[in-house]
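Report on the following structure.
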Amino acid sequence: MKSDPIHLSRKLGQIKQNWGLYTLLFPAVVLTLLFAYKPMYGVLIAFKDYSPALGIGGSPWAGFKYFEKFFNSYQFSATIKNTLIISVYSLITFPIPIILALMVNQMRPNRFRRFFQTVSYMPHFISTVVMVGLMMILFSPSTGLLGNVYSLFGKEAPDLMGSAGLFSSVYVWSDVWQHVGWDSIIFIAALSAVDPSLYEAATVDGASRMHKIRYIDIPMLMPTAITLLILRVGGLLGVGFEKVYLMQNDLNITSSEILSTYVYKIGLLSSQYSFSSAINLFNTVINFILLIMVNQISKKLSENSLW
């Protein structure tokens with residue numbers, strides 16, 4: 001107990017010494033509290049028969065009524081299945097930015113490399129609405145580029161945007177094209193931190209370019225890759241709402257109805273606030289459990305983890 005005042009004075013001394021850093025940190029902490037933690041009070045809606053007139057506090061408790069309603073609904077298995085298909089499919093493409101980073105790292109630092117990187121980064125800045133609009137124009141079986149190419153050979157183009165079976169492929173690979181360059185930046189940065197003497201020593205030992213990639217580059221990328229993979233798995237059921245909703249139509253609805261679009265339709269369009277909150281809370285809890293599990297597995301297998 002005698003050491004507590006000493007420990008406290010040391011902490012206060014460190015804060016005074018680094019007051020500038022804490023000043024810069026303060027706005028971020030305030031924003032996090034206001035927009036990430038304060039809204040958590042609204043989670044109570046999932047356990048109540050919420051009425052806007054009564055408010056969260058005045059609405060009667062419903063317990064797990066809306067969770068049971070979702071588990072017993074016909075949309076439960078369909079939305080979970082569609083969400084998992086898209087998420088796991090996207091997870092399979094995770095190594096592509098790493099491969100691109102390894103390719104860029106092998107290029108000489110000249111104008112072509114800078115041009116290549118700039119071109120690969122540019123699609124990331126296209127808005128989701130514009131991106132889906134481009135896809136509809138390009139993939140239109142009647143007036144799009146794909147339709148015109150097929151017509152040159154006297155064949156009818158498939159309706160990619162209206163196919164339920166191809167929805168996940170169109171979604172995932174268009175996402176890869178748009179973000180692969182941007183996602184590779186962090187891996188390129190990790191490779192730039194590799195000590196050049198390692199490559200020089202490998203060259204002296206007669207190592208080929210592939211040997212350098214296998215025994216130097218890839219091991220250096222593993223901590224970064226594992227951290228990002230854990231975060232990706234932690235959001236396995238958190239497929240983005242905007243792009244799926246914009247690509248959704250009556251023809252592909254059986255494959256494109258995921259948890260986030262269903263929550264939007266139930267909550268905002270049908271005004272079933274408690275039901276939609278229960279679905280979203282279920283989604284969040286599952287993602288949190290997955291994050292904890294994958295982090296623990298990673299810690300045991302590779303000694304790399306988030307905490």
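The values are calculated or read from the model by the stated rules, or taken from the named source; none is laboratory data. Since the model is a prediction, treat every value here as computed from it, not as a measurement. Positions of Cβ are generated from backbone atoms using ideal geometry, with glycine treated the same way; all protein chains shown enter the neighbour counts. For the accessible areas, the whole protein counts, side chains as well, though only heavy atoms, and no ligand, DNA or RNA atoms are used. Shrake-Rupley method; radii C 1.70, N 1.55, O 1.52, S 1.80 Å.
Using a probe radius of 1.4 Å on heavy atoms only, what accessible surface per residue do you get for region 233-307? Whole Å² is fine.
51 Å²
Over region 151-307, what percent of the accessible surface lies on carbon and sulfur atoms, probe 1.4 Å?
64 percent
Would you check the accessible area of Asp159, probe 1.4 Å, heavy atoms only, in square angstrom rounded to 10?
60 Å²
Can you work out the accessible area per residue across region 130-226, with the rest of the protein chains kept in place, probe 1.4 Å, in square angstrom?
Computed with neighbouring chains in place, this is 58 Å² per residue.
Provide the per residue accessible area, probe 1.4 Å, for region 1-116, rounded to a whole number of square angstrom.
On a per-residue basis, 74 Å².
Relative contact order of the chain: what whole-number percent is it, with Cα pairs under 8 angstrom and at least 6 residues apart?
Reported relative contact order: 24 percent.
Please report the spacing between the Cα centers of region 275-298 and region 35-56 in Å, no decimals.
If you average the Cα positions of each part, the centres end up 19 Å apart.
Over region 50-135, what percent of the accessible surface lies on carbon and sulfur atoms, probe 1.4 Å?
69 percent
What FRET efficiency would be calculated for the residue pair Met222, Thr284, taking the C-beta separation as r and a Förster radius of 30 Å, to the nearest 0.05?
0.55
With θ set to phi - 60°, apply the Karplus curve 6.51 cos²θ - 1.76 cosθ + 1.60 along region 85-102 and write out the HN-Hα couplings as whole Hz, x wherever there is a Gly or Pro.
My calculation for region 85-102 gives 4, 5, 5, 5, 4, 5, 5, 5, 7, 4, x, 4, x, 5, 4, 4, 5, 5 Hz in order.
Tell me which lysines have Cα within less than 17 Å of Lys11's Cα, excluding those fewer than 8 residues away on the same chain?
Within the straight-line limit of under 17 Å, Lys11 reaches these lysines: Lys2.
Rank Arg232, Arg209 by accessible area, highest first, at a 1.4 Å probe radius?
The most accessible residue leads, giving Arg209, Arg232.
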